[in-house]
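**Q** Pasting a structure below so you can have a look.
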Amino acid sequence: MNRWLLPENIADVLPVQARKVEELRRIALDLYRSYGYELVTPPLLEFLDSLLTGTGSDLNLQTFKLVDQVSGRTLGLRADMTPQVARIDAHLLNRSTVTRLCYAGSVAHVRAPAGSSSREELQLGAEIYGCATWEADFEAVSLLLNTLQLAGLNRVHLDLSHAGILQGILADTVLSSEQTESLYLLLLSKDRPRLQAWVADLPPSISKPLLALTELNGPCDEVIKKARKGKLALPAHSDINKALDDLERLNKLLSNLPYSADLALDLSVDLADLRGYQYHSGVMFAAYIDGLPQPLARGGRYDHVGQAFGRSRPATGFSLDLFTLAALSKLDVRVKAILAPWLDDADLQRTITQLRSQGETVIQAIRGELIESEEFSCDRELVKQGSAWQVQSRTENS
């Protein structure tokens, strides 16, 4: 057996790509800091019952599990950092004011998520705790768009949805967890024939709006208008009315954001896109990029996760995989470098130290050595002129 082989759907990140991932991580975290977000680093391993608290069954199925040799309890290798950050807010910080937290760390999945070729991700995210109003939802979405813009993406398709729609439709109906899961999958796939069969025994006041959800997708203004009036109109329920109001306001605010000329934003609503419905409690959003089958980033409001830790706090935020973002980013991380000889020369070493302190990259090489690098391009070299070392232009092959 080849010792260098890695497990299926696990891969090394090689030069240039690794540098791009790191540059994007720094750019994003600096951006979040400018908004007032504090950086946290949760542990890679936790007791399983804590790691899965407040989450749906999907996360349990995607979590690697092992036995702690010290306590004898089951540990989990995190598949999502959001529950960990919610625990930090609820139990360690224990603030009563609005708290903004951000993070970047590795997560692992038992199986590669749909549309992905890797079981390992470098998850980047930002969360706002303690704010139950629309301002927090707007900040989370606009911060995500700013992140994608800084990564050099020029077109983003943003899909909006809301957990309150389904809550309002099912307000007077009690479904088992298995029934809820089946309904969620049918709506997500927009499988109308099977959905029609599934709702056949339900009263028309419930079956009709459930079927309507599969058609309520497209441009924001049009979908919201159809959801309020016409043959696809949803019931006049307080949860539904609030959800439509939230989506309408968010659409208006996002449409008026001053985007860069290099970023085109396509806004849409899909009321049947309920990924993470058991997890979310309000506005949900997903960012898509042309050529990528799965969402690049997901987020939304999840006010009930903290409740599972004994302290309910309004919360909203988003996360994305930095490896995927780096693969899509047009950010150029190759840098120009200076080639210097490897000599026992005090003046040379002082010159190299000074150049590096000024932000230059200086690569020392033994005479005749060939520099092979995807990340650096040596367009200059240090040459001794008289008694001083000076930087001169060079060609790659000289």
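The values are calculated or read from the model by the stated rules, or taken from the named source; none is laboratory data. Fair warning: this is a prediction, and the values are worked out from it, not measured in the lab. When we count neighbours, we look across all protein chains shown, and the Cβ atoms used for this are built from the backbone with ideal geometry, even at glycine.
**Q** Hey, could you check the range 271-311 for residues that are modelled with pLDDT of 85 or more and more than 19 Å from the chain's Cα centre (by Cα) and say which is surrounded by the most Cβ atoms within 10 Å (Cβ to Cβ)?
**A** Only one residue fits best here, namely LEU271.
**Q** Moving to a separate point now. Looking only at the range 82-111, count how many residues are in a strand (DSSP E or B) and either within 23 Å of ASP30 (Cβ to Cβ) or over 19 Å from the mean Cα position of the chain (by Cα) (or both). So that I can check it myself, show each step before the final result.
**A** Taking the range 82-111 as the starting set, the residues that turn out to be in a strand (DSSP E or B) are 99-108.
This time we only want the ones that are either within 23 Å of ASP30 (Cβ to Cβ) or over 19 Å from the mean Cα position of the chain (by Cα) (or both), so: 99-107.
The qualifying residues number 9.
**Q** Is it the case that the range 22-44 has a residue that's of a type in the set (A, V, I, L, M), over 28 Å from LEU93 (Cα atoms) and outside any loop (DSSP other than H, G, I, E, B)? Please lay out each step first, then the result.
**A** Just the residues of the range 22-44 that are of a type in the set (A, V, I, L, M), to begin with: 24, 27-29, 31, 39-40, 44.
Next, from what is left, pick out any that are over 28 Å from LEU93 (Cα atoms): none.
Looking through the range 22-44, none of the residues is of a type in the set (A, V, I, L, M), over 28 Å from LEU93 (Cα atoms) and outside any loop (DSSP other than H, G, I, E, B).
**Q** Within the range 364-394, can you find the residues that are among the polar types (S, T, N, Q), closer than 12 Å to ALA337 by Cα and free of Cβ contacts under 8 Å to residues at least 40 places away in the same chain? Break it down stepwise before answering.
**A** First, the residues of the range 364-394 that are among the polar types (S, T, N, Q): 364, 373, 377, 385, 387, 390, 392-393.
Subset that is closer than 12 Å to ALA337 by Cα: 364, 373, 377, 392-393.
Correct list: GLN364, GLN392, SER393.
**Q** Working carefully through the options ASP321, ASP344, find the one that is of a type in the set (Asp, Glu) and more than 30 Å from ARG100 (Cβ to Cβ). Lay out the reasoning, then the answer.
**A** Details: ASP321 fails: more than 30 Å from ARG100 (Cβ to Cβ).
Exactly one of ASP321, ASP344 is of a type in the set (Asp, Glu) and more than 30 Å from ARG100 (Cβ to Cβ), namely ASP344.
**Q** Could you grab the pairs with beta carbons closer than 8 Å, sequence gap of 6+ or different chains, first residue in the range 162-184 and under 12 Å from ALA243 (Cα atoms) and modelled with pLDDT of 85 or more, second one part of a helix (DSSP H, G or I) and among the basic types (Lys, Arg)?
**A** Matching pairs, first to second residue: GLY164/LYS242.
**Q** Pick from ALA163, ALA197: which is more than 30 Å from ALA327 (Cβ to Cβ), in contact with a strand residue (DSSP E or B) (Cβ under 7 Å, 6 or more places away or on another chain) and outside the structural domain of LEU320 (by TED's automatic domain parsing)? Break it down into steps so the answer makes sense when it comes.
**A** Details: ALA197 fails: in contact with a strand residue (DSSP E or B) (Cβ under 7 Å, 6 or more places away or on another chain).
The conditions single out ALA163.
**Q** Out of LEU39, LEU66, LEU45, LEU61, which single residue is over 30 Å from GLU374 (Cα atoms), modelled with pLDDT under 90 and of a type outside the set (S, T, N, Q)?
**A** Numbers: LEU39 fails: modelled with pLDDT under 90; LEU66 fails: modelled with pLDDT under 90; LEU45 fails: modelled with pLDDT under 90.
Of the residues listed, the single one that is over 30 Å from GLU374 (Cα atoms), modelled with pLDDT under 90 and of a type outside the set (S, T, N, Q) is LEU61.
Results for (1) hydrophobic (A, V, I, L, M, F, W, C); (2) assigned to a helix (DSSP H, G or I), shown as yes or no for each residue.
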| position | (1), (2) |
| --- | --- |
| PRO113 | no, no |
| GLU127 | no, no |
| VAL141 | yes, yes |
| ASN146 | no, yes |
| LEU158 | yes, no |
| THR180 | no, yes |
